[in-house]
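The structure under discussion appears below in the form of structure tokens.
The values are calculated or read from the model by the stated rules, or taken from the named source; none is laboratory data. Predicted model only: the values in this text are computed from it and were never measured. All Cβ positions, glycine included, derive from the backbone under ideal geometry; neighbour counts span all protein chains shown. The accessibility values were calculated without ligands, DNA or RNA, using every heavy atom of the protein model including side chains. Shrake-Rupley method; radii C 1.70, N 1.55, O 1.52, S 1.80 Å.
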Amino acid sequence: MFEEASEVLENMLKWSLPLSLVLFLVLVCPLRAEAAHEFSVYRMQQYDLQGQTYGSRNAILNTEARTMEAEVLSRRCVMMRLADFSYEKYQKALRQSAGAVVIILPQNMSTMPQDIVQQFMELEPELLATETIVPVYFALEDEELLSIYTQTQISSSSQGSSSAAEVLLHTATANGFQMVTSGAQSKAVSDWAITSLEGRLTGAGGEDLPTIVLVAHYDSFGVAPWLSYGADSNGSGVAILLELARLFSRLYSYKRTHAGYNLLFFLSGGGKFNYQGTKRWLEDNLDHTDSSLLQDNVAFVLCLDTLGNSDNLHLHVSKPPKEGSPQHVLLKQLETVAAHQHPDLKFSMVHKKINLADDTLAWEHERFGIRRLPSFTLSHLESHRSPARHSWVMIGALSLPHVDLPKLSRNTKVIAETLARVIYNLTEKVIAALCSHQQVQEDQLESLVDWLTAQPRAAQLVDKDSSIVNTLEHLVRADKRDPEFVFYDQLKQTMNAYRVKPAIFDLLLAFCIASYLGVLYLAIQNFGLLYSFLRRVTAPRVKQH
């Protein structure tokens, strides 16, 4: 009987061993649906300009997640929320040789405190000022991503516990996340070209007519190209230029209002990269052709930049206009229209000389000023260093549109009437015609801004085949040029966060399995002794009388 029981129990243990191991692994390992989360990430700018490298130089990421609470960040993917972000923390992660940085952004920037938003806008130029070896990504928060961040933060905070035993226990039982990008390493884009577009209205009354040039760059800029929608900078300038083109083309279609000025409309590419599109366009028109409107009689060049907000309007000049010149007439008419018809609008002229020692020019009109063409830039920003010109924060899909439509419409009316006063010399007949024909359509402006901000317009994303360029080509003629800078791809990728256990958990699991197997082995080999011991322990005791 003893031998039969021993054989039965031995067979039971042999068959139960693999089943128990399978059951143990199923209970320990997370389900596949819960083990990974897939989300889109947007990489920091990467480009070379005039031999200088900028932005993040790496795109591949495959490392474990940590937050700033962890003591060791080396070769880890450091996750930060925008609310907790600071330049000091960012530099700390880089100094500790972090493997990557992921900055989590809210879906709606308007929910963030204004001081945090302003702080990040001011830090964006600092993030791009130097070359960063590790990949830096931005992600829009969702419920799963916030859960991953919270769990990672708890795990990272436990590393600072006072007891080594607590740290070991928490490390062994906590869930970690392996962050992995699906794309390849970034490489230079070889077939990219700047696309600039121009259109013209020819004046009446002769060949040697003065020319007024209206300019706006259509690309946007931000620390992450795929998040750069640029509603105010410079979607507002493009919208105003297209509306002015519509208004004056209508006026020029009538013989009575066909003025003696040529109007040249220019939408420049690469505006956020030292106005490279404008530079190439000027070279083509001034150096490589015998006949161009820019070689003849240019009255002035008016650049439109960031005009969709504020009750301020600044005319930026590199050289104050001389009295009696067309530039001076424009200045005085702007002052008159702003003061008499829009008293809420504060107009001023800002004088800044061109500094050729700087790596980049301050305003687009400086490109024309270098070629000795009289030029201005009109903007509601007083300084070219304003963060609003180089930030995607509160612009486009991340927030409510950062364009005040009534103010955009008012600024369009001011510019349109000022140009009409200059072009038509304030004749009563034309003023009457303007009242019937020149009406700024606010719904048209709104549609233009909505269309321009429906997709990011970073220069890297607006190539010769983009929908933005193809649509604008129906309005103005395209001029495609090779750039003087180098862009890189892999700016938008899919990231997977895989739930993993730390290495110490694998060691602990191996130890538990080995102990379990060792106990079973000893129990089977010494079953006779074990059985005898159990019988002695469980046998009923006989009372002695």
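Once the 1.4 Å probe is applied to the protein heavy atoms, region 192-480 comes out at 40 Å² accessible per residue.
Ordered by 1.4 Å accessible area with all protein chains kept, 255, 413 run largest first as 255, 413. When 81, 43 are compared by accessible surface with a 1.4 Å probe, the order from highest to lowest is 81, 43. Note on region 275-378: dipole from Cβ charges, positive end direction compared against 331, 304, 376; the farthest Cα belongs to 331.
In straight Cα distance, which aspartates and glutamates are under 14 Å from residue 464, not counting same-chain residues fewer than 8 positions off? Partners found: 191, 219, 473, 479, 482. With the simple spin-label model, which puts each label point 7 Å out from Cα in the Cβ direction, the residue 36 to residue 143 separation comes to 2.2 nm. Most simply put, region 192-480 has about 35% antiparallel DSSP beta bridges, counting only bridges with both residues inside it.
The fraction of accessible area contributed by carbon and sulfur in region 192-480 is 47 percent, rounded to a whole number (1.4 Å probe; ligands and nucleic acids excluded).
Residue 513 contributes about 50 Å² of solvent-accessible surface, heavy atoms of the protein only, 1.4 Å probe.
Per-residue SASA remark: residue 450, around 80 Å² accessible (1.4 Å probe; ligands, DNA and RNA not included). For the set 303, 512, the ranking by accessible area, highest first and with no ligand, DNA or RNA atoms included, is 512, 303 under a 1.4 Å probe. Annotation: residue 202 carries an accessible surface of approximately 90 Å², with a 1.4 Å probe and no ligand, DNA or RNA atoms counted. The protection proxy used here, the mean number of other Cβ atoms lying within 10 Å of each residue, ranks peptides 51-59, 491-499, 270-278 as follows, highest first: 270-278, 491-499, 51-59.
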